[in-house]
Amino acid sequence: MNGKDPRETTLRRLVRDARAEPAPELDWARLEQRLLVEAGRRAVPAKRSRYPYAWGALAVAAAVVLWLLGTHPRAAVSPAPDASMEISGSLQQLADTDEVGTRYEATTREVTVRHVDRAKWTLDKGSSALLAGKGDVIRVRLERGSVLSEVVPNPKPETFVVEAAGVRVAVHGTVFRVALEGGRVLVDVREGTVGVGPLGDTPAFLLKAPAHGNFAADGRSGSIDGRWVSAGQAHPAGPPKPPPVRSASASASASPSAPATTGGALPVAPVASADLPSEPSINDIESGIARIVDKTSDCFARHTQSADGVQITVHTALSLQILADGAVTNVDFQPPLSPAAEACAAASMKQVRFAASKQGTTVTRLLELKK
Amino acid sequence: MEPPSLVERCQSGDAEAFRELFRTHRQDVARLAQRMLGRQTDLEDIVQEVFLQVHRSIRDFRHGARFSTWLYRVTVNVVLMHRRAAKSRPVFGEAPEHVAAVDQRPRADEQLERQRRVHAFHRLLDRLSEKKRLVFVLHELEGLAPGEIAKIVGSPVLTVRTRLFYARRELLALLAEEPSLAGLAEELTAAASAPDDASPAKEPA
């Protein structure tokens with residue numbers, strides 16, 4: 001690099017600064033422990049031969065023997081659809097390189113599967129699950145046993161789904177356990193909120209931590225914290241009665257194409273308080289939040305100064321409270337936006353109204369705003 | 001130079017040797033991964049994955065080659081795989097710029113300023129194509145010769161040199177687009193007439 005050009009000098013200085021950065025300090029002891037256990041676990045499957053034909057007969061014979069013995073080891077680096085991965089160790093298994101269709105089995109001890117930056121899920125001993133999807137939405141198909149999932153909060157709704165029997169449990173930043181027991185699907189929510197409903201349908205029930213749900217295998221009925229519930233209706237106790245007037249959120253659950261939130265001009269349908277859900281449905285929340293995110297992005301773009309050609313990106317956590325009547329209040333950005341952008345966002349959020357519920361709820365989302 | 005016995009012991013499945021190998025090289029791997037990524041998110045996972053790959057493939061390592069070059073190649077592949085996996089999703093792990101700016105913890109101004117410059121530099125690097133960024137990091141930050149980089153990335157030396165040339169040229173053009181570096185450019189320009197431009201005495205330890 002030629003030092004006479006000021007830009008060259010600047011670049012040289014930046015390179016020198018970057019080189020002077022100390023090596024990152026990690027928790028080496030923990031990492032070493034993790035590594036050695038995982039290395040031992042991965043060392044178990046036989047190494048893939050470079051000469052499959054030469055060793056073909058031996059491989060077939062070994063496969064037959066293993067099949068007869070009831071074990072089905074999977075080559076460590078070639079996950080194929082419906083391939084089976086028997087894991088007798090524990091600790092971290094990175095799923096980012098695994099194919100959809102990979103089966104994870106925790107035969108002798110629990111197994112943790114990680115999706116970097118997104119989620120991790122732990123199969124309890126004796127459980128098995130299939131990686132059913134890993135695109136925008138990670139889908140885990142629980143085949144037996146139970147799975148504890150920890151999902152990193154994401155502004156996109158439903159980035160992680162556990163399917164068990166005919167039940168779909170969808171989340172966007174939470175800690176929860178799903179178990180298959182005696183033909184029922186049990187859901188324990190430890191942090192955050194999850195939506196539960198039939199497979200292929202929109203979530204019918206909302207469980208907010210701490211909560212315990214016990215659902216039928218079709219996901220259409222069950223109980224939440226001891227209260228009997230069925231798709232579209234939640235009853236405080238006892239058997240369901242036909243509702244005289246459906247709440248806005250119940251309508252949204254029954255008809256995914258219908259707008260779940262109402263603008264300021266659209267009043268919430270008058271419903272008897274007893275028929276209201278305890279909280280807005282997850283559909284209602286997500287579509288309302290999507291509108292709020294759009295409005296906030298507009299406000300940020302309008303009220304943020306930037307020079308030509310410079311892109312500004314800000315990450316902030318938006319928290320807000322949805323009142324029982326569906327109005328939005330207590331809007332907070334951490335770290336804060338500029339006063340003008342915040343005032344604009346708060347004003348525009350007043351135009352968004354969620355469906356009425358008995359107690360409302362609070363919502364937090366991480367936003368990425370760009371100008 | 002890696003003692004051959006250590007690698008050989010690893011190749012024979014000696015767990016203690018693998019532990020020693022990890023302890024010897026872990027910081028190099030972490031540093032390269034951090035330089036390639038520009039941030040520390042998932043660094044532990046990446047380092048773990050690198051050494052798992054080493055553990056899995058070390059029998060393929062041939063003693064005619066340098067172990068460090070082979071390890072670089074494994075690290076580069078794991079980081080690139082990680083970047084590709086992360087490309088399709090938003091990144092929320094990095095602290096917002098203005099949070100760092102209002103950080104009240106006591107720090108030396110010079111150190112804070114340098115960190116800010118390094119972050120800005122990594123933002124610039126992030127705007128280069130994968131191939132150009134990789135050779136630039138390996139050459140300028142890791143100090144590897146083009147010949148060794150060629151072995152790591154599996155390209156001819158001439159290609160590496162070409163990528164380096166264009167990487168530098170693009171970075172020079174991008175410098176003007178990074179407002180947080182404007183002050184540094186002015187400061188260095190003003191100091192250009194001084195006899196000792198590098199001012200090594202002012203460099204933080």
Using the count of nearby Cβ atoms within 10 Å as a rough guide to exposure, how do A:W228, B:W70 rank from fewest to most?
A:W228, B:W70
Residue by residue through B:43-53, how many Cβ atoms from other chains fall within 10 Å of the Cβ on average?
6
Of every Cα-Cα pair in the range B:107-191, the percentage lying beyond 16 Å is 57
Per residue of the range B:21-36, in order, report the coupling 6.51 cos²θ - 1.76 cosθ + 1.60 (Karplus, θ = phi - 60°) as ³J(HN,Hα) in whole Hz, putting x for Gly and Pro.
4, 4, 5, 6, 10, 4, 5, 5, 5, 4, 5, 5, 4, 5, 5, 6
Other chains' Cβ within 10 Å of B:26-32 residues: what's the mean?
4
Please list 3J(HN,Hα) in residue order for the range A:221-227, calculated via the Karplus relation 6.51 cos²θ - 1.76 cosθ + 1.60 where θ = phi - 60°; whole Hz, with x for glycine and proline.
7, x, 9, 10, 6, x, 8
Expressed as a whole number, the average count of other chain Cβ atoms within 10 Å around the Cβ atoms of A:21-34 is 5
Based on the mean of other Cβ atoms within 10 Å per residue, sort peptides A:12-20, A:278-286 so the most packed one is first.
A:278-286, A:12-20
For the range A:101-170, place one equal point scatterer on every Cα, skip the solvent, and apply the Debye formula. What is log10 of I(q)/I(0) at q = 0.27, 0.28, 0.29 Å⁻¹?
-1.30, -1.38, -1.45
Among B:Y72, B:Y166, which comes first, then next, by fewest other beta-carbon atoms within 10 Å?
B:Y166, B:Y72
Which ³J(HN,Hα) values, rounded to whole Hz and listed in residue order, are derived for the range B:69-76 from phi using the Karplus coefficients 6.51, -1.76 and 1.60 in 6.51 cos²θ - 1.76 cosθ + 1.60 with θ = phi - 60°, glycine and proline given as x?
5, 4, 5, 4, 5, 4, 4, 4
So who's got an amide H within less than 5 Å of the one on A:S278, skipping anything under 5 residues away but keeping other chains? H placed 1.01 Å off N, in plane.
A:K358
What size of dipole, in debye to the nearest 20, comes out for the range B:1-88 about its Cα centre when the only charges are +1 on Lys and Arg C-beta atoms and -1 on Asp and Glu C-beta atoms?
400
Taking neighbour Cβ counts within 10 Å as the exposure measure, how do A:D5, A:D117 sort from fewest upward?
A:D5, A:D117
Normalised per residue, the volume of the convex hull around the Cα set of the range B:1-88 (Å³):
87
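Since every read-out is calculated from the coordinates, none of them should be taken as a lab result. Here the structure is a predicted model, which is why all the values come from computation and not from measurement. Cβ coordinates were reconstructed from backbone atoms using ideal geometry, including for glycine residues, and neighbour counts include every protein chain displayed.
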